[in-house]
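For reference, the structure discussed in these notes is given below.
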Amino acid sequence: MSEAYERERQNNSALDELSNKVSALRGVTIDIYDQARDQRVIENTSETFSNFSTSLKTSAVRMGRMAQSGNKVAIFKLAGIISVVVILLWWIWGFFTG
């Protein structure tokens, strides 16, 4: 009877060890998944900034060509748009800080 009890105790001990190893493996797997997801977010953000940078350079080149062409109406429109954007940003900044 005690031999059966000893085997049952050993089986329970081995089962507990296996359960702990599975839990540890699950934790490592979840950590790997989280890091992979974070890396994907970082890559998407980097790609977005790269696209924004390219778009900004293209816009700057177009504005340069417009300024060189001497189209005064377009230049005044651009100056007005920039002024409105700056005033709106200043107003929004004051709203959040004040």
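Using only Cα atoms, tell me the angle between helix 2-69 and the longest principal axis of the chain; keep it within 0 to 90° and round to the nearest 10. For 2-69 against the chain, the angle is about 10 degrees. The Phe49 and Ile92 beta-carbon pair, evaluated with R₀ = 25 Å, returns a calculated FRET efficiency of approximately 0.65.
Once the Cα atoms are used to define both axes, helix 72-97 deviates from the longest principal axis of the chain by about 40 degrees.
Read-outs: derived from the displayed coordinates by stated rules, not from any lab. On a predicted model such as this, the values are computed, not experimentally measured, just so you know. Using ideal geometry, Cβ is built from the backbone for each residue, glycine included, and neighbour counts are taken over all protein chains shown.
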